[in-house]
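The values are calculated or read from the model by the stated rules, or taken from the named source; none is laboratory data. Since the model is a prediction, treat every value here as computed from it, not as a measurement. Neighbour counts are summed over all protein chains in view; Cβ atoms, including those assigned to glycine, are modelled from backbone coordinates with ideal geometry. Quick note on the areas: whole protein, heavy atoms, side chains included, nothing else; ligands and nucleic acids left out. Shrake-Rupley method; radii C 1.70, N 1.55, O 1.52, S 1.80 Å.
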Amino acid sequence: QVQFVESGGGLVQPGESLRLSCAFSGSLFSMSILGWYRQAPGKQREVIARFFRSGGTNYADSVRGRFAISRDNAKNTMYLQMNGLKATDTAAYYCNTVPPTSNAWGQGTQVTVSS
């Protein structure tokens, strides 16, 4: 069974940085692609960053160049470094496989960007 626990969110000002962490458990072999998702108020949850087993990464246009996804298999942890945060990045952030494992969603971590 795959499980994810997100942490590291908070309230920051525009332009600041945050690093989110995602602790995961379960068989890594079943996690060919891991991803970070976010859901802003009134909007659909969307995947914004992907980490492939090959080590490759992929980003949504809205975060490319500002966010960086990484993974530490020894610690069973994935990270999302977020730089140059904008008000439009305000959302609840989640991690999961891509496509998502339906019963593995964690509680998420809230990121609020406001002056």
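If a/c stays under 1.5 just call it rounded; otherwise compare a/b with b/c (prolate if a/b is bigger, oblate if not). Do that for the stretch 64-115, with a ≥ b ≥ c from the square roots of the Cα gyration tensor eigenvalues.
Values: a/c = 2.24, a/b = 1.43, b/c = 1.57.
Oblate, because a/c is 1.5 or more while a/b does not exceed b/c.
For the chain, the longest stretch holding no trypsin sites (Lys or Arg not before Pro) located in a DSSP loop with at most 14 other Cβ atoms within 10 Å is which?
Details: sites that count: K43, R53, R64, K86.
After excluding every exposed loop site, the longest remaining stretch is 1-42.
How big is the dipole moment of the chain about its Cα centre under a simple scheme where the beta carbon of each Lys and Arg is +1, that of each Asp and Glu is -1, and everything else is neutral? Debye, nearest 20, please. If you can, show how the numbers build up before the last one.
Numbers: 11 positive and 6 negative charges, 31 e Å.
Dipole size: approximately 160 debye.
How much accessible area per residue does the chain have, in Å², with a 1.4 Å probe?
On the way: 6010 Å² over 115 residues.
So the chain comes to 52 Å² accessible per residue, rounded to a whole number.
Calculate, in whole percent, how much of the Cα-Cα pair population of the chain lies beyond 21 Å. Can you show the working numbers first?
Details: 1909 of 6555 pairs.
So the portion of pairs separated by more than 21 Å is 29 percent.
Along the charge dipole of the chain, Cβ charges K/R +1 and D/E -1, which of Y37, A49, A92 sits furthest on the positive end?
Working it through, the farthest residue towards the positive pole turns out to be A49.
Looking at the stretch 16-79, I'd like the Rg to Rh ratio, where Rg is from alpha-carbon atoms and Rh is Kirkwood's inverse mean 1/r.
Details: Rg = 12.3 Å, Rh = 12.7 Å.
When Rh is taken as the Kirkwood radius, the ratio is 0.97.
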